[in-house]
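What follows is a set of notes on a single structure, which appears directly below.
The values are calculated or read from the model by the stated rules, or taken from the named source; none is laboratory data. Because the structure is a prediction, the values reported are computed rather than measured. Every residue, glycine among them, receives a Cβ derived from its backbone with ideal geometry; neighbour counts consider all protein chains shown. With ligands, DNA and RNA removed, areas are computed over all heavy atoms of the protein, side chains included. Shrake-Rupley method; radii C 1.70, N 1.55, O 1.52, S 1.80 Å.
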Amino acid sequence: MLENQAFGWLKNAISGGVGGSVASAVVGSPTNAAAIGACADPSALVRDAAKDFRAAAGSPAHSGGGDSRAAPSEGGGAASDEDGSAHDERLDDLTARLDRIKILLYEERSASSSAAASAGAVSLNWTPAVATGTFKSLTAEKGGREQDGAEGDADAKEGDGEEEEEDLLPALIRNLRSLPFEARKSVSAIFNYLLVCGLDGADRRQFASVSSAFAAYVLERADAIISQLVRAHHCKPSDGSGRVDIALLCGSMLRSSLRHASIYKWMLSDGNCERLVYPFLDGYVHNPNFDVSSDALETVRAILTGTASGTAAAAGVVTDPASEEHKQIMEGIASDFLSRKYDDVIDGRINRKCLSSKANYMTRRMSLQTLSTILLNRANYGVMMAYISSSKNLVTIMCLLRDPSPHITLDAFQVFKIFVANPNKPPEVVKILYDNKVKLVKYLEGLHKDRESTDDQYRDEKQLVISTLEGLEI
(Lines give C-alpha, C1' and ligand atoms only; values in the text may rest on other atoms or scores of the structure.)
Protein backbone atom coordinates (compact mmCIF):
# COMPACT_ATOMS: atom_id res chain seq x y z
CA MET A 1 0.00 0.00 0.00
CA LEU A 2 1.25 3.47 -0.82
CA GLU A 3 2.43 5.54 2.10
CA ASN A 4 0.04 8.34 2.99
CA GLN A 5 1.43 11.08 0.74
CA ALA A 6 -0.26 13.85 2.68
CA PHE A 7 1.93 13.60 5.74
CA GLY A 8 4.25 10.62 5.59
CA TRP A 9 7.10 12.65 4.13
CA LEU A 10 6.29 15.51 6.50
CA LYS A 11 7.25 13.27 9.40
CA ASN A 12 10.59 12.51 7.75
CA ALA A 13 11.18 16.22 7.23
CA ILE A 14 11.01 16.87 10.96
CA SER A 15 14.53 16.82 12.29
CA GLY A 16 14.84 14.44 15.22
CA GLY A 17 11.27 13.17 14.88
CA VAL A 18 8.08 14.52 16.42
CA GLY A 19 9.36 14.11 19.90
CA GLY A 20 12.62 15.88 19.19
CA SER A 21 13.36 19.25 20.70
CA VAL A 22 12.92 22.25 18.44
CA ALA A 23 15.74 23.87 20.39
CA SER A 24 18.19 21.49 18.71
CA ALA A 25 17.74 23.40 15.45
CA VAL A 26 18.31 26.76 17.11
CA VAL A 27 21.77 28.15 17.69
CA GLY A 28 21.55 31.61 19.20
CA SER A 29 18.26 32.00 21.06
CA PRO A 30 17.71 29.25 23.71
CA THR A 31 15.17 31.26 25.71
CA ASN A 32 12.95 31.88 22.70
CA ALA A 33 13.42 28.29 21.53
CA ALA A 34 11.90 26.93 24.72
CA ALA A 35 8.87 29.20 24.40
CA ILE A 36 8.48 28.40 20.71
CA GLY A 37 8.71 24.68 21.38
CA ALA A 38 5.86 24.94 23.89
CA CYS A 39 3.59 27.01 21.63
CA ALA A 40 0.57 25.20 20.17
CA ASP A 41 -1.03 28.18 18.41
CA PRO A 42 -0.19 28.13 14.69
CA SER A 43 -1.57 31.64 14.18
CA ALA A 44 0.78 33.06 16.80
CA LEU A 45 3.70 31.14 15.35
CA VAL A 46 3.02 32.44 11.83
CA ARG A 47 2.50 35.98 13.08
CA ASP A 48 5.81 35.99 14.97
CA ALA A 49 7.58 34.24 12.10
CA ALA A 50 6.48 37.10 9.85
CA LYS A 51 7.96 39.59 12.34
CA ASP A 52 11.22 37.64 12.44
CA PHE A 53 11.40 37.52 8.66
CA ARG A 54 10.70 41.23 8.23
CA ALA A 55 13.25 42.12 10.90
CA ALA A 56 15.93 39.85 9.43
CA ALA A 57 15.27 41.08 5.90
CA GLY A 58 15.49 44.68 7.00
CA SER A 59 18.63 44.34 9.12
CA PRO A 60 22.00 45.70 7.91
CA ALA A 61 23.37 42.14 7.99
CA HIS A 62 20.87 40.97 5.36
CA SER A 63 22.77 40.40 2.12
CA GLY A 64 20.00 39.02 -0.07
CA GLY A 65 22.00 36.03 -1.30
CA GLY A 66 22.90 32.74 0.33
CA ASP A 67 22.44 31.84 3.98
CA SER A 68 22.51 35.35 5.35
CA ARG A 69 23.89 34.65 8.83
CA ALA A 70 26.26 37.42 9.67
CA ALA A 71 29.96 36.72 9.18
CA PRO A 72 32.44 37.76 11.88
CA SER A 73 33.27 41.42 11.52
CA GLU A 74 36.77 42.60 10.71
CA GLY A 75 37.13 45.96 12.32
CA GLY A 76 33.46 46.72 11.89
CA GLY A 77 33.04 47.66 15.51
CA ALA A 78 30.60 46.67 18.21
CA ALA A 79 27.60 48.03 16.29
CA SER A 80 28.24 45.64 13.40
CA ASP A 81 28.64 42.72 15.80
CA GLU A 82 25.38 43.61 17.52
CA ASP A 83 23.55 43.93 14.18
CA GLY A 84 24.89 40.55 13.10
CA SER A 85 23.96 38.90 16.38
CA ALA A 86 20.41 40.30 16.26
CA HIS A 87 20.06 39.22 12.64
CA ASP A 88 21.20 35.67 13.43
CA GLU A 89 18.86 35.49 16.40
CA ARG A 90 15.92 36.49 14.22
CA LEU A 91 16.81 33.77 11.72
CA ASP A 92 17.10 31.22 14.53
CA ASP A 93 13.67 32.16 15.85
CA LEU A 94 12.18 32.08 12.35
CA THR A 95 13.64 28.60 11.79
CA ALA A 96 12.31 27.35 15.12
CA ARG A 97 8.82 28.71 14.51
CA LEU A 98 8.58 27.19 11.03
CA ASP A 99 9.79 23.86 12.42
CA ARG A 100 7.21 24.01 15.21
CA ILE A 101 4.40 24.65 12.71
CA LYS A 102 5.57 21.62 10.74
CA ILE A 103 5.44 19.47 13.88
CA LEU A 104 1.95 20.67 14.82
CA LEU A 105 0.68 19.89 11.31
CA TYR A 106 2.10 16.38 11.48
CA GLU A 107 0.73 15.70 14.95
CA GLU A 108 -2.76 16.82 13.91
CA ARG A 109 -2.73 14.68 10.76
CA SER A 110 -1.29 11.70 12.57
CA ALA A 111 -4.06 11.87 15.20
CA SER A 112 -6.72 12.28 12.49
CA SER A 113 -5.46 9.31 10.49
CA SER A 114 -5.23 7.12 13.58
CA ALA A 115 -8.78 8.03 14.58
CA ALA A 116 -10.06 7.28 11.08
CA ALA A 117 -8.29 3.93 11.05
CA SER A 118 -9.68 2.97 14.47
CA ALA A 119 -13.26 4.04 13.74
CA GLY A 120 -13.25 2.84 10.15
CA ALA A 121 -14.76 6.18 9.08
CA VAL A 122 -14.07 9.91 9.25
CA SER A 123 -16.07 12.60 10.99
CA LEU A 124 -16.85 15.39 8.55
CA ASN A 125 -17.97 17.57 11.45
CA TRP A 126 -14.39 17.77 12.72
CA THR A 127 -12.29 20.76 11.62
CA PRO A 128 -8.48 20.53 11.35
CA ALA A 129 -7.72 23.54 13.53
CA VAL A 130 -3.95 23.55 13.00
CA ALA A 131 -4.10 23.25 9.20
CA THR A 132 -6.88 25.83 9.00
CA GLY A 133 -5.11 28.23 11.36
CA THR A 134 -1.82 27.86 9.50
CA PHE A 135 -3.47 28.48 6.14
CA LYS A 136 -5.42 31.54 7.29
CA SER A 137 -2.46 33.11 9.06
CA LEU A 138 0.10 32.30 6.38
CA THR A 139 -2.04 33.87 3.67
CA ALA A 140 -2.89 36.95 5.74
CA GLU A 141 0.56 37.96 6.97
CA LYS A 142 2.86 40.27 5.06
CA GLY A 143 6.53 39.66 4.41
CA GLY A 144 7.48 43.29 3.94
CA ARG A 145 8.41 45.21 0.81
CA GLU A 146 10.45 43.60 -1.96
CA GLN A 147 14.15 44.15 -1.46
CA ASP A 148 16.26 45.60 -4.25
CA GLY A 149 18.49 43.06 -5.94
CA ALA A 150 16.46 40.03 -4.92
CA GLU A 151 15.65 37.25 -7.33
CA GLY A 152 12.70 37.88 -9.55
CA ASP A 153 13.20 41.63 -9.84
CA ALA A 154 13.03 41.22 -13.60
CA ASP A 155 9.38 40.36 -13.22
CA ALA A 156 8.60 43.13 -10.76
CA LYS A 157 5.56 45.18 -11.51
CA GLU A 158 6.03 48.54 -13.14
CA GLY A 159 3.56 51.08 -11.97
CA ASP A 160 3.31 54.53 -10.54
CA GLY A 161 6.12 53.89 -8.07
CA GLU A 162 3.79 53.12 -5.19
CA GLU A 163 5.18 50.20 -3.17
CA GLU A 164 2.96 47.46 -1.82
CA GLU A 165 3.82 45.01 0.90
CA GLU A 166 4.42 41.49 -0.36
CA ASP A 167 2.53 38.58 1.18
CA LEU A 168 4.60 36.46 3.56
CA LEU A 169 4.49 33.22 1.55
CA PRO A 170 5.68 34.65 -1.80
CA ALA A 171 8.32 36.63 0.12
CA LEU A 172 9.63 33.49 1.84
CA ILE A 173 9.80 31.60 -1.46
CA ARG A 174 11.51 34.48 -3.25
CA ASN A 175 14.06 34.80 -0.44
CA LEU A 176 14.83 31.12 0.14
CA ARG A 177 18.50 31.81 -0.56
CA SER A 178 18.59 34.16 2.40
CA LEU A 179 17.13 31.60 4.83
CA PRO A 180 18.99 28.95 6.80
CA PHE A 181 18.84 25.46 5.31
CA GLU A 182 16.38 24.10 7.91
CA ALA A 183 14.06 27.07 7.39
CA ARG A 184 14.05 26.44 3.64
CA LYS A 185 13.04 22.83 4.22
CA SER A 186 10.23 23.87 6.56
CA VAL A 187 8.85 26.41 4.09
CA SER A 188 8.74 23.69 1.44
CA ALA A 189 7.20 21.09 3.79
CA ILE A 190 4.44 23.44 4.98
CA PHE A 191 3.67 24.61 1.44
CA ASN A 192 3.47 21.01 0.17
CA TYR A 193 1.35 19.84 3.07
CA LEU A 194 -1.26 22.56 2.71
CA LEU A 195 -1.63 21.68 -0.97
CA VAL A 196 -1.85 17.88 -0.69
CA CYS A 197 -3.42 17.27 2.73
CA GLY A 198 -6.87 17.17 1.11
CA LEU A 199 -5.81 14.93 -1.77
CA ASP A 200 -4.34 11.86 -0.06
CA GLY A 201 -5.21 9.58 2.83
CA ALA A 202 -8.38 7.99 4.14
CA ASP A 203 -9.20 11.18 6.04
CA ARG A 204 -8.49 13.55 3.13
CA ARG A 205 -12.07 14.86 2.99
CA GLN A 206 -11.56 16.46 6.39
CA PHE A 207 -8.72 18.50 4.93
CA ALA A 208 -10.17 19.09 1.45
CA SER A 209 -11.37 22.62 2.20
CA VAL A 210 -7.89 23.65 3.37
CA SER A 211 -6.20 22.23 0.26
CA SER A 212 -8.73 23.81 -2.08
CA ALA A 213 -8.52 27.22 -0.42
CA PHE A 214 -4.72 27.17 -0.39
CA ALA A 215 -4.62 26.11 -4.06
CA ALA A 216 -6.92 29.02 -4.89
CA TYR A 217 -4.55 31.36 -3.04
CA VAL A 218 -1.54 30.00 -4.98
CA LEU A 219 -3.42 30.31 -8.27
CA GLU A 220 -4.38 33.91 -7.52
CA ARG A 221 -0.68 34.69 -7.01
CA ALA A 222 0.66 32.22 -9.56
CA ASP A 223 2.65 34.83 -11.46
CA ALA A 224 4.67 35.44 -8.30
CA ILE A 225 4.72 31.95 -6.76
CA ILE A 226 4.76 29.48 -9.67
CA SER A 227 7.06 31.64 -11.75
CA GLN A 228 9.55 31.79 -8.89
CA LEU A 229 9.40 28.02 -8.37
CA VAL A 230 10.27 27.53 -12.05
CA ARG A 231 13.06 30.13 -12.09
CA ALA A 232 14.71 28.45 -9.11
CA HIS A 233 15.75 25.56 -11.38
CA HIS A 234 18.06 27.86 -13.32
CA CYS A 235 21.30 27.07 -11.52
CA LYS A 236 24.85 26.54 -12.71
CA PRO A 237 27.55 24.23 -11.32
CA SER A 238 29.34 27.30 -10.00
CA ASP A 239 26.32 28.33 -7.92
CA GLY A 240 27.14 25.82 -5.17
CA SER A 241 25.14 23.26 -3.21
CA GLY A 242 22.82 25.86 -1.66
CA ARG A 243 21.36 26.76 -5.01
CA VAL A 244 20.91 23.06 -5.87
CA ASP A 245 19.03 22.47 -2.61
CA ILE A 246 16.69 25.34 -3.45
CA ALA A 247 16.05 23.95 -6.94
CA LEU A 248 15.05 20.59 -5.43
CA LEU A 249 12.77 22.17 -2.81
CA CYS A 250 11.12 24.36 -5.44
CA GLY A 251 10.67 21.34 -7.70
CA SER A 252 8.80 19.58 -4.92
CA MET A 253 6.58 22.61 -4.33
CA LEU A 254 5.89 22.94 -8.06
CA ARG A 255 4.79 19.31 -8.37
CA SER A 256 2.50 19.68 -5.37
CA SER A 257 0.96 22.72 -7.05
CA LEU A 258 0.44 20.80 -10.28
CA ARG A 259 -1.73 18.25 -8.49
CA HIS A 260 -4.51 20.85 -8.51
CA ALA A 261 -6.32 21.03 -11.84
CA SER A 262 -6.75 24.80 -11.67
CA ILE A 263 -3.02 25.49 -11.28
CA TYR A 264 -2.11 22.72 -13.74
CA LYS A 265 -4.38 24.13 -16.43
CA TRP A 266 -3.08 27.67 -15.82
CA MET A 267 0.54 26.57 -16.24
CA LEU A 268 -0.20 24.66 -19.48
CA SER A 269 -2.20 27.49 -21.05
CA ASP A 270 -0.94 29.01 -24.29
CA GLY A 271 0.05 32.19 -22.50
CA ASN A 272 2.20 30.45 -19.87
CA CYS A 273 3.63 27.21 -21.25
CA GLU A 274 6.42 28.87 -23.22
CA ARG A 275 7.91 30.53 -20.14
CA LEU A 276 6.99 27.92 -17.52
CA VAL A 277 7.07 24.53 -19.30
CA TYR A 278 9.52 24.82 -22.18
CA PRO A 279 12.49 25.86 -19.98
CA PHE A 280 12.38 22.40 -18.39
CA LEU A 281 12.68 20.64 -21.73
CA ASP A 282 15.12 23.15 -23.19
CA GLY A 283 17.53 23.42 -20.29
CA TYR A 284 16.69 22.17 -16.81
CA VAL A 285 16.56 18.44 -17.69
CA HIS A 286 20.00 18.83 -19.30
CA ASN A 287 21.58 20.45 -16.23
CA PRO A 288 25.02 18.88 -15.55
CA ASN A 289 24.06 18.45 -11.90
CA PHE A 290 22.46 15.00 -11.63
CA ASP A 291 20.09 15.94 -8.79
CA VAL A 292 18.76 19.02 -10.57
CA SER A 293 18.26 17.27 -13.92
CA SER A 294 16.59 14.22 -12.31
CA ASP A 295 14.23 16.45 -10.33
CA ALA A 296 13.42 18.44 -13.47
CA LEU A 297 12.62 15.19 -15.28
CA GLU A 298 10.18 14.26 -12.50
CA THR A 299 8.49 17.61 -13.00
CA VAL A 300 8.34 17.05 -16.77
CA ARG A 301 6.67 13.70 -16.16
CA ALA A 302 4.06 15.38 -13.95
CA ILE A 303 3.51 18.11 -16.55
CA LEU A 304 3.12 15.80 -19.54
CA THR A 305 1.12 12.99 -17.91
CA GLY A 306 -0.98 14.84 -15.32
CA THR A 307 0.18 12.56 -12.50
CA ALA A 308 3.05 12.96 -10.06
CA SER A 309 5.28 10.00 -9.20
CA GLY A 310 4.43 8.33 -5.90
CA THR A 311 0.73 9.19 -5.97
CA ALA A 312 -2.06 6.65 -6.11
CA ALA A 313 -3.01 7.80 -9.61
CA ALA A 314 0.54 7.30 -10.89
CA ALA A 315 0.59 3.79 -9.42
CA GLY A 316 -2.78 2.98 -10.96
CA VAL A 317 -4.39 2.60 -7.52
CA VAL A 318 -7.63 4.62 -7.71
CA THR A 319 -10.29 3.30 -5.38
CA ASP A 320 -13.12 5.84 -5.31
CA PRO A 321 -15.19 7.76 -7.88
CA ALA A 322 -13.92 11.18 -6.79
CA SER A 323 -10.27 10.14 -7.29
CA GLU A 324 -11.10 8.58 -10.65
CA GLU A 325 -12.86 11.75 -11.77
CA HIS A 326 -9.88 13.86 -10.70
CA LYS A 327 -7.52 11.52 -12.55
CA GLN A 328 -9.58 11.85 -15.73
CA ILE A 329 -9.65 15.64 -15.44
CA MET A 330 -5.87 15.81 -15.06
CA GLU A 331 -5.28 13.42 -17.95
CA GLY A 332 -7.68 15.46 -20.06
CA ILE A 333 -5.72 18.65 -19.40
CA ALA A 334 -2.46 16.86 -20.30
CA SER A 335 -3.96 15.39 -23.47
CA ASP A 336 -5.31 18.75 -24.60
CA PHE A 337 -1.91 20.36 -24.04
CA LEU A 338 -0.03 17.64 -25.92
CA SER A 339 -2.48 17.83 -28.82
CA ARG A 340 -2.17 21.61 -29.06
CA LYS A 341 1.59 21.68 -28.66
CA TYR A 342 2.56 18.38 -30.28
CA ASP A 343 5.12 19.93 -32.65
CA ASP A 344 6.70 22.07 -29.92
CA VAL A 345 6.78 19.43 -27.17
CA ILE A 346 6.92 15.93 -28.65
CA ASP A 347 8.70 16.60 -31.94
CA GLY A 348 10.71 19.71 -31.19
CA ARG A 349 11.85 18.88 -27.67
CA ILE A 350 11.28 15.26 -26.59
CA ASN A 351 12.53 13.73 -29.87
CA ARG A 352 15.14 16.24 -30.92
CA LYS A 353 16.59 17.13 -27.54
CA CYS A 354 15.68 14.67 -24.80
CA LEU A 355 16.08 11.48 -26.88
CA SER A 356 19.08 12.60 -28.93
CA SER A 357 22.49 10.98 -28.54
CA LYS A 358 23.74 14.26 -27.07
CA ALA A 359 21.38 14.00 -24.09
CA ASN A 360 22.71 12.35 -20.94
CA TYR A 361 21.71 8.84 -19.93
CA MET A 362 19.14 9.80 -17.30
CA THR A 363 17.45 12.33 -19.58
CA ARG A 364 17.08 9.76 -22.36
CA ARG A 365 15.85 7.03 -20.06
CA MET A 366 13.27 9.05 -18.13
CA SER A 367 12.11 10.80 -21.31
CA LEU A 368 11.52 7.39 -22.91
CA GLN A 369 9.54 6.26 -19.88
CA THR A 370 7.44 9.42 -19.98
CA LEU A 371 6.88 9.04 -23.72
CA SER A 372 5.77 5.43 -23.23
CA THR A 373 3.32 6.49 -20.51
CA ILE A 374 1.88 9.16 -22.79
CA LEU A 375 1.46 6.88 -25.79
CA LEU A 376 -0.12 4.02 -23.83
CA ASN A 377 -2.71 6.24 -22.15
CA ARG A 378 -6.10 6.01 -23.85
CA ALA A 379 -6.69 9.71 -23.26
CA ASN A 380 -3.80 10.42 -25.65
CA TYR A 381 -5.06 8.36 -28.60
CA GLY A 382 -4.67 11.25 -31.05
CA VAL A 383 -1.14 11.95 -29.83
CA MET A 384 -0.24 8.26 -30.08
CA MET A 385 -1.50 7.99 -33.66
CA ALA A 386 0.41 11.11 -34.67
CA TYR A 387 3.60 9.75 -33.13
CA ILE A 388 3.51 6.21 -34.52
CA SER A 389 2.56 7.47 -37.99
CA SER A 390 5.94 9.17 -38.36
CA SER A 391 8.80 7.24 -39.95
CA LYS A 392 11.22 9.71 -38.40
CA ASN A 393 9.98 8.77 -34.92
CA LEU A 394 10.34 5.09 -35.78
CA VAL A 395 13.98 5.60 -36.75
CA THR A 396 14.62 7.42 -33.46
CA ILE A 397 13.18 4.55 -31.41
CA MET A 398 15.00 1.88 -33.49
CA CYS A 399 18.28 3.65 -32.75
CA LEU A 400 17.46 3.62 -29.03
CA LEU A 401 16.73 -0.12 -29.29
CA ARG A 402 20.47 -0.55 -29.98
CA ASP A 403 21.60 1.65 -27.08
CA PRO A 404 24.39 0.21 -24.92
CA SER A 405 22.23 0.57 -21.82
CA PRO A 406 19.88 -2.39 -21.18
CA HIS A 407 17.50 -0.09 -19.32
CA ILE A 408 17.12 2.20 -22.32
CA THR A 409 16.65 -0.71 -24.73
CA LEU A 410 13.86 -2.08 -22.55
CA ASP A 411 12.17 1.31 -22.40
CA ALA A 412 12.62 1.73 -26.16
CA PHE A 413 10.93 -1.62 -26.73
CA GLN A 414 7.84 -0.37 -24.89
CA VAL A 415 7.50 2.35 -27.55
CA PHE A 416 8.65 0.24 -30.52
CA LYS A 417 5.93 -2.35 -29.90
CA ILE A 418 3.27 0.33 -30.49
CA PHE A 419 4.63 1.01 -33.99
CA VAL A 420 4.50 -2.70 -34.83
CA ALA A 421 1.06 -3.29 -33.30
CA ASN A 422 -0.54 -0.43 -35.24
CA PRO A 423 -2.98 -2.07 -37.72
CA ASN A 424 -2.99 1.04 -39.91
CA LYS A 425 0.70 1.67 -40.47
CA PRO A 426 1.53 4.35 -43.06
CA PRO A 427 3.43 3.03 -46.13
CA GLU A 428 6.70 4.71 -45.09
CA VAL A 429 6.57 3.02 -41.66
CA VAL A 430 5.77 -0.37 -43.23
CA LYS A 431 8.70 0.00 -45.63
CA ILE A 432 11.22 0.69 -42.85
CA LEU A 433 9.97 -2.26 -40.80
CA TYR A 434 9.91 -4.56 -43.85
CA ASP A 435 13.39 -3.59 -45.04
CA ASN A 436 14.81 -4.23 -41.57
CA LYS A 437 12.61 -7.08 -40.39
CA VAL A 438 15.26 -9.82 -40.66
CA LYS A 439 17.73 -7.85 -38.56
CA LEU A 440 14.99 -6.73 -36.17
CA VAL A 441 13.70 -10.27 -35.60
CA LYS A 442 17.19 -11.59 -34.95
CA TYR A 443 17.96 -8.74 -32.56
CA LEU A 444 14.64 -8.96 -30.70
CA GLU A 445 14.98 -12.70 -30.17
CA GLY A 446 18.00 -12.06 -27.99
CA LEU A 447 16.76 -8.82 -26.39
CA HIS A 448 16.50 -9.28 -22.61
CA LYS A 449 16.08 -13.02 -23.07
CA ASP A 450 16.80 -13.60 -19.37
CA ARG A 451 13.74 -11.50 -18.53
CA GLU A 452 11.34 -13.86 -20.30
CA SER A 453 11.42 -16.44 -17.50
CA THR A 454 10.24 -13.94 -14.87
CA ASP A 455 8.13 -11.47 -16.90
CA ASP A 456 5.29 -13.21 -18.73
CA GLN A 457 3.91 -9.97 -20.16
CA TYR A 458 7.24 -9.00 -21.69
CA ARG A 459 7.71 -12.50 -23.14
CA ASP A 460 4.24 -12.51 -24.73
CA GLU A 461 4.56 -8.96 -26.09
CA LYS A 462 7.98 -9.63 -27.58
CA GLN A 463 6.73 -12.80 -29.27
CA LEU A 464 3.77 -10.91 -30.70
CA VAL A 465 6.08 -8.20 -32.08
CA ILE A 466 8.37 -10.80 -33.63
CA SER A 467 5.50 -12.75 -35.24
CA THR A 468 3.99 -9.52 -36.59
CA LEU A 469 7.31 -8.51 -38.14
CA GLU A 470 7.78 -11.96 -39.68
CA GLY A 471 4.38 -11.78 -41.32
CA LEU A 472 4.87 -8.26 -42.61
CA GLU A 473 4.47 -7.83 -46.39
CA ILE A 474 4.49 -4.80 -48.68
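A few notes on this one:
- Magnitude of the charge dipole, the stretch 240-287, Cβ model with Lys/Arg +1 and Asp/Glu -1, debye to 20: 180 debye
- Simple spin-label estimate for residue 421 and residue 294 in nanometres, 7 Å along Cα-Cβ: 3.0 nm
- Packing rank of 327-333, 352-358, where each peptide gets the mean count of other beta carbons within 10 Å, highest leading: 327-333, 352-358
- Only Lys, Arg, Asp and Glu carry charge here, each on its Cβ (+1 for the first two, -1 for the last two); on that basis the stretch 371-474 has a dipole of about 260 debye about its Cα centre.
- Cross-link pairs exceeding 28 Å in C-alpha to C-alpha distance, out of 341/392; 265/353; 341/439; 142/236; 341/437, comprise 341/439; 142/236; 341/437.
- Protection proxy ranking of 422-434, 244-256, 335-347, by the mean of other Cβ atoms within 10 Å over each peptide's residues and highest first, is 244-256, 335-347, 422-434.
- Close amide H pairs (under 5 Å, H built 1.01 Å from N) link residue 167 with 143, residues at least 5 positions away or on another chain.
- The heavy atoms of residue 454 present about 120 square angstrom of accessible area, all protein chains included, probe 1.4 Å.
- Couplings 3J(HN,Hα) for the stretch 276-287, derived from phi with the Karplus relation 6.51 cos²θ - 1.76 cosθ + 1.60 (θ = phi - 60°), are 10, 9, 4, x, 5, 6, 7, x, 4, 6, 9, 4 Hz, where x marks Gly and Pro.
- List 449, 102, ordered by accessible area with a 1.4 Å probe, largest first: 449, 102
- Among 188-198, 132-142, 108-118, the order from most to least packed when residues are scored by Cβ within 10 Å on average: 188-198, 132-142, 108-118
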